Every structure is written in structure tokens, then in C-alpha cells.
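S.K.: Supplied in C-alpha cells, the structure appears directly below.
The values are calculated or read from the model by the stated rules, or taken from the named source; none is laboratory data. Fair warning: this is a prediction, and the values are worked out from it, not measured in the lab. FYI the Cβ positions are ideal-geometry reconstructions off the backbone, even for glycines, and counts take in every protein chain you see. We work out accessible area using only protein heavy atoms, side chains counted, and drop any ligands, DNA or RNA first. Shrake-Rupley method; radii C 1.70, N 1.55, O 1.52, S 1.80 Å.
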Amino acid sequence: MAKFIMFDLDGTLIDGVDDLLYAMNGLLGAHGLAPLSRHDLEAMLGDGTWMLTKRAFAARGKTPDDATLDELNVDFNARYVATDYAHTRLYDNAETTLRALAKDGWTIALASNKPTAPCERILHNLGISDLFAVIAGGDATTVKKPDGGHLRFVLDKLGYDAGKGDIAVMVGDHANDINAARDANTYAIAVAFEISPDHAHTLNADAVVTDYCDLMTAIDTVIAPKD
């Protein structure tokens with residue numbers, strides 16, 4: 001029996017809002033539009049940068065067509081890459097917990113709707129890329145969360161075999177993460193760092209944690225055989 005655990009990135013492992021906000025407000029400003037607040041942007045996250053760009057412009061009363069949004073999204077991603085994620089940070093106790101999971105025999109992967117390249121760079125900058133057997137952004141396969149195909153793609157890359165009793169867990173902060181886990185028939189744990197615990201409980205995950213110090217206990221409880 002092998003143990004596999006997948007993590008979302010933004011809002012789950014990292015607080016990257018400040019770099020996203022800087023890039024998006026730069027893009028909006030280039031088009032003569034007022035900046036967003038951090039609170040505004042946080043509410044738009046979770047479905048990849050294309051949808052983030054669409055929501056940001058909609059918040060300023062603009063509805064670009066899809067072709068224009070494609071161009072705006074390219075510009076946004078270039079601005080985001082240019083930040084080199086200087087203000088992106090891990091949540092408290094995240095690295096310690098990841099290293100404890102690896103020591104305990106868990107194979108760790110990333111499953112994010114963010115493009116793969118920034119995911120890789122961020123994990124490298126934070127000094128934890130060595131812990132991830134697979135890093136799969138939203139462009140790694142043909143579907144994104146909440147489609148469970150994204151997680152199945154990651155699990156296939158990892159060598160997961162449910163028939164052999166392998167265990168798979170998805171950890172995330174968004175309905176997309178939990179719904180993808182349900183679709184892929186894996187366990188799901190919600191984290192409440194950028195969202196409130198009350199909201200996290202509405203996601204119908206198998207457990208909710210508010211501190212990474214509690215994650216391993218939550219995992220053990222979730223995967224324990226039921227009577």
C-alpha cells in the first residue's frame with residue numbers, strides 16, 4: 001500500500017495574493033482602470049488566471065471577448081512572472097508538515113489551476129520543490145479542478161493504484177479542490193487560512209484544519225478504517 005497526498009497551491013500552501021494583486025493592478029492601470037483591493041482579488045481566486053483576469057475586468061465594468069481576454073491573460077501572466085513571487089510566502093508550519101509527511105512515507109504532489117511554470121518557480125523559491133514528485137498546474141492536462149480528471153492525471157503520474165489499496169488525499173481551500181477529490185474518489189481535507197473555518201466546513205470535506213500542525217492528525221483520522 002502506497003500513500004499519496006496532493007496539495008493545491010494558492011490559499012493552501014502559500015499566501016501569494018500580494019504578487020497577484022501587484023500584477024493585476026498593473027494590468028488594470030495599463031487600461032485606465034482603477035486598482036482592486038486585496039480583499040476584492042481574494043474573492044476572485046480559484047479558477048486559474050484566465051478567469052481571474054475576466055473577473056478583475058468585470059469588476060471594473062468591462063466584458064472583453066474571449067480573444068481579448070486571451071491577450072489580457074498573457075499580459076497578466078507576464079507581469080506576474082516579472083514579480084518573481086517576491087512577496088509570496090508559505091503558511092506557518094507548512095514546510096515542517098510537508099517534510100514530516102515525506103518522512104512518514106507519503107508521496108507528495110501539487111495539483112493547482114495556476115499554470116505549471118509559476119508553480120515550479122514558487123516552490124523552488126520557497127526551497128521545497130524537492131518534496132514534490134509531480135507538479136501539475138492547470139496547463140498540465142486538458143482539464144482543471146473541479147474536474148477530477150486533473151487529480152487522476154496527477155495520480156497516474158505518481159503510480160497510484162486503488163486496486164492495491166493505495167491511499168490518496170487532496171488538500172485544498174476551495175470548492176474546486178474538494179469537488180475534484182470527490183470526482184476522483186479520493187479523500188479531501190479543507191484548510192482554512194484565507195477562508196474562514198465556517199466557510200471551510202461548508203465545502204463538505206472529510207476534515208477541516210486551521211493550522212498545519214494539525215494536518216497529520218486529521219489525515220490519520222480520515223484514512224482510519226471505519227467500523
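S.K.: Regarding the stretch 89-224, what whole-number volume in Å³ per residue does the convex hull of its Cα atoms give?
M.R.: 103
S.K.: What number results when the radius of gyration of the chain, computed over Cα atoms, is divided by 2.2 N^0.38 Å? Spell out each step's value before the answer.
M.R.: Working: Rg = 17.5 Å, N = 227, 2.2 N^0.38 = 17.3 Å.
For the chain, the normalised Cα radius of gyration is 1.01.
S.K.: In degrees, nearest 10, range 0 to 90: what is the angle between the Cα axis of helix 17-30 and the longest Cα principal axis of the chain?
M.R.: In the chain, helix 17-30 runs at an angle near 20 degrees to the longest axis.
S.K.: Can you give me the three principal axis dimensions of the stretch 1-95 from its C-alpha atoms, in Å, biggest first?
M.R.: Principal-axis extents of the stretch 1-95 (Cα, largest first): 52, 27, 22 Å.
S.K.: Go through W50, W106 and list them by solvent-accessible area, largest first, probe radius 1.4 Å.
M.R.: Largest to smallest exposure gives the sequence W50, W106.
S.K.: Please tell me which of these pairs span more than 29 angstrom C-alpha to C-alpha: K3/K226; K3/K54; K103/K157; K3/K144; K114/K164?
M.R.: Numbers: K3/K226 18 Å; K3/K54 38 Å; K103/K157 21 Å; K3/K144 23 Å; K114/K164 31 Å.
Result: K3/K54; K114/K164 exceed 29 Å.
S.K.: Compute, for F193, the solvent-accessible surface of its heavy atoms (probe 1.4 Å) with the complete set of protein chains present, and express it in square angstrom to the nearest 10.
M.R.: 50
S.K.: For a Förster distance of 30 Å, can you work out the FRET efficiency between the beta-carbons of V81 and H199, rounded to the nearest 0.05?
M.R.: The value I calculate is 0.50.
S.K.: Also: Would you kindly derive the ³J(HN,Hα) couplings of the stretch 100-108 from the backbone phi angles with the Karplus curve 6.51 cos²θ - 1.76 cosθ + 1.60 (θ = phi - 60°), listing them in order in whole Hz, with x for Gly and Pro?
M.R.: 5, 4, 4, 5, 7, x, 7, 8, 10
S.K.: Between the stretch 72-94 and the stretch 1-67, how far is it from one alpha carbon centroid to the other, in angstrom?
M.R.: Distance between centres, Cα-based: 10 Å.
S.K.: Would you mind giving the three semi-axes, in whole Å and largest first, of the ellipsoid equivalent to the stretch 143-212 according to its Cα gyration tensor?
M.R.: 23, 12, 9
S.K.: Measure off, as a whole percent, the carbon and sulfur share of the 1.4 Å-probe accessible area of the stretch 123-222, all protein chains present.
M.R.: Heavy-atom surface of the stretch 123-222 belonging to carbon and sulfur, 1.4 Å probe: 46 percent.
S.K.: What net charge is computed for the residues neighbouring M216, neighbours being all others with C-beta under 13 Å from the C-beta of M216, Lys and Arg scored +1, Asp and Glu -1?
M.R.: Once positives and negatives cancel, what remains is -1.
S.K.: Only Cα pairs within less than 10 Å get springs; with that Gaussian network setup on the chain, which residue of P146, P64, P118 has the largest fluctuation?
M.R.: Comparing P146, P64, P118 in a Gaussian network model of the chain, the most mobile one is P64.
S.K.: Still on this model: Along its three principal axes, how long is the stretch 45-163 when you only count alpha carbons? Whole Å, largest extent first please.
M.R.: 50, 36, 19
S.K.: Using the crude model of +1 on Lys and Arg Cβ and -1 on Asp and Glu Cβ, and no other charge, please compute the dipole size for the chain relative to its Cα centre, in debye to 20.
M.R.: On the way: 19 positive and 34 negative charges, 51 e Å.
Approximately 240 debye in magnitude.
S.K.: Another question, if that's okay. Label-point separation (nm) for D156 and K62, each offset 7 Å from Cα along Cα-to-Cβ?
M.R.: Distance between the two pseudo-spin positions: 3.8 nm.
S.K.: What distance in nm separates the two pseudo spin-label positions at T116 and A100, each 7 Å out from Cα along the beta-carbon direction?
M.R.: My value for the distance between the label points is 3.2 nm.
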